[in-house]
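See below for the structure under consideration.
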Amino acid sequence: MAVAAIAMPFAAQAQEAETPDIEMWRLDCGAIAISNLDAFSDGYLYEGREGTFTNSCYLIRNGDRHLLWDAGLPSALIDGPMTQGVFTVSLERNMASQLAEIGVAVEDVDFLGLSHHHFDHVGQAPDFAASTLLLNARDIAALREGANPQSAQILASWLEGGGTITDFSGDHDVFGDGSVVILAMPGHTPGHSSLLVRLPETGNVLLTGDLYHFREQIENEGVPRFNTDRADTLASMERFTQIDEALDAMIVIQHDPGDLDRLPAFPESAR
């Protein structure tokens, strides 16, 4: 009994020490109006329909270290929206100003994690040039091979050796404690990733990247025409569903405005 009584406080202290001090903020990274959603299903599921996407990014703090997940649309759009084809993109404020509101400077961001290399996810990356870039090796290879010249130019400081890159071919444990894991979910791009965030109070949260763009795609498995690999996309969707069910996670679709209320409104954080 005496041994157990002595051991219990130490066990409690160890458990407390192992629980990461972690919280997450949802940032506004722009909006995307789409006049025809047909391209978002190669099975003609959304032909002729219109839609408006949010473009959300996320700051995760683990102790005194910070991860920024996705970099949104470029700050130049604050001057006015841009239309290209069926897409009209706009931005009201940049991430640097939002981070300043919660006392975080761009220099405080240790890691810039990108779900993939598309334009609407890398736009403000140059503001975080001092951060270590976290990006799947297959997307880095695609950029270096000329797959997306616009994004390659935006990420040039890392791709050309001026910044630090941590690449990976599968999953990646960002802080080394299992609290934030980049999940390999290829198909949208060769190295597309989603993000698992294990919050102490909210529980497990799955940020989709662009595995899904809106809720309906979870049910009907709509695969965009512009995805690089249909089979990889469907396999990633299956894996994502298994992780969700196993961890009883909250799914947050980064482009779906209906998912915004699943997390606290900025500047409040989810813990």
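What shape does the stretch 161-247 take by its C-alpha gyration tensor, where a ≥ b ≥ c are the square roots of the eigenvalues and a/c under 1.5 counts as rounded, a/b above b/c as prolate, and the rest as oblate?
It is oblate, given that a/c is not under 1.5 and a/b is not larger than b/c.
What fraction of the Cα pairs in the stretch 26-136, stated in percent, has a spacing above 24 angstrom?
Of all Cα-Cα pairs in the stretch 26-136, 30 percent lie more than 24 Å apart.
Counting each DSSP H run of 4 or more residues in the chain as -39500 (n - 2.57), what helix-only mean residue ellipticity at 222 nm follows after dividing by all residues, to the nearest 500 deg cm²/dmol?
Taken over the chain, the calculation gives -7000 deg cm²/dmol.
Given +1 on the Cβ of Lys and Arg, -1 on the Cβ of Asp and Glu, and no further charges, what dipole in debye does the chain carry about its Cα centre, rounded to the nearest 20?
220
Just the accessible area per residue of the chain, please: how many Å² with a 1.4 Å probe?
Ligands and nucleic acids excluded, the figure is 45 Å² per residue.
Would you mind putting 116-123, 63-70 in packing order, based on average other-beta-carbon counts within 10 Å, highest first?
116-123, 63-70
Students often get this wrong, so try it: which of [x] 55, 44, 35; [y] 74, 46, 40; [z] 73, 40, 35 is Cα extents along the principal axes in Å as calculated from the structure shown?
After the calculation, the listed value that fits is [z].
Would you work out if the stretch 152-210 is rounded, prolate or oblate? Take a ≥ b ≥ c from the square roots of the eigenvalues of the alpha-carbon gyration tensor; rounded if a/c is under 1.5, else prolate when a/b is larger than b/c, oblate otherwise.
Because a/c hits 1.5 or more and a/b exceeds b/c, the stretch 152-210 counts as prolate.
Report, in degrees rounded to the nearest 10, the 0 to 90 angle that the Cα long axis of helix 2-18 makes with the longest principal axis of the chain.
20
Which stretch or stretches of the stretch 81-109 have amide N atoms under 14 Å from the point lying 7 Å from residue 129's Cα along the Cα→Cβ direction?
What the label zone holds, given the 14 Å backbone N cut-off, is 107.
Which angle between 0 and 90 degrees, to the nearest 10, do you get for helix 230-247 versus the longest principal axis of the chain when only C-alpha atoms count?
For 230-247 against the chain, the angle is about 30 degrees.
Lys/Arg Cβ at +1, Asp/Glu Cβ at -1, dipole of the chain taken about the Cα centre: which of 27, 185, 128 is farthest positive-ward?
Going by the Cα projections, it comes out as 128.
If each residue of separation counts as 0.36 nm, what is the full-extension length gain between residue 231 and residue 153 once their alpha-carbon separation is subtracted?
Gain on extension, residue 231 to residue 153, equals 25.1 nm.
Let me know the charge dipole size of the stretch 144-271 about its Cα centre in debye, to the nearest 20, where only the beta-carbon of Lys, Arg (+1) and Asp, Glu (-1) is charged.
260
Taking all protein chains in place and a 1.4 Å probe, what share, in percent, of the accessible surface of the chain do carbon and sulfur account for?
Answer for the chain is 50 percent, counting heavy atoms of protein chains only.
The values are calculated or read from the model by the stated rules, or taken from the named source; none is laboratory data. Please read these numbers as outputs of a predicted model, since none were measured by experiment. Backbone-built Cβ (ideal geometry, glycine too); neighbour counts: all protein chains shown. For the accessible areas, the whole protein counts, side chains as well, though only heavy atoms, and no ligand, DNA or RNA atoms are used. Shrake-Rupley method; radii C 1.70, N 1.55, O 1.52, S 1.80 Å.
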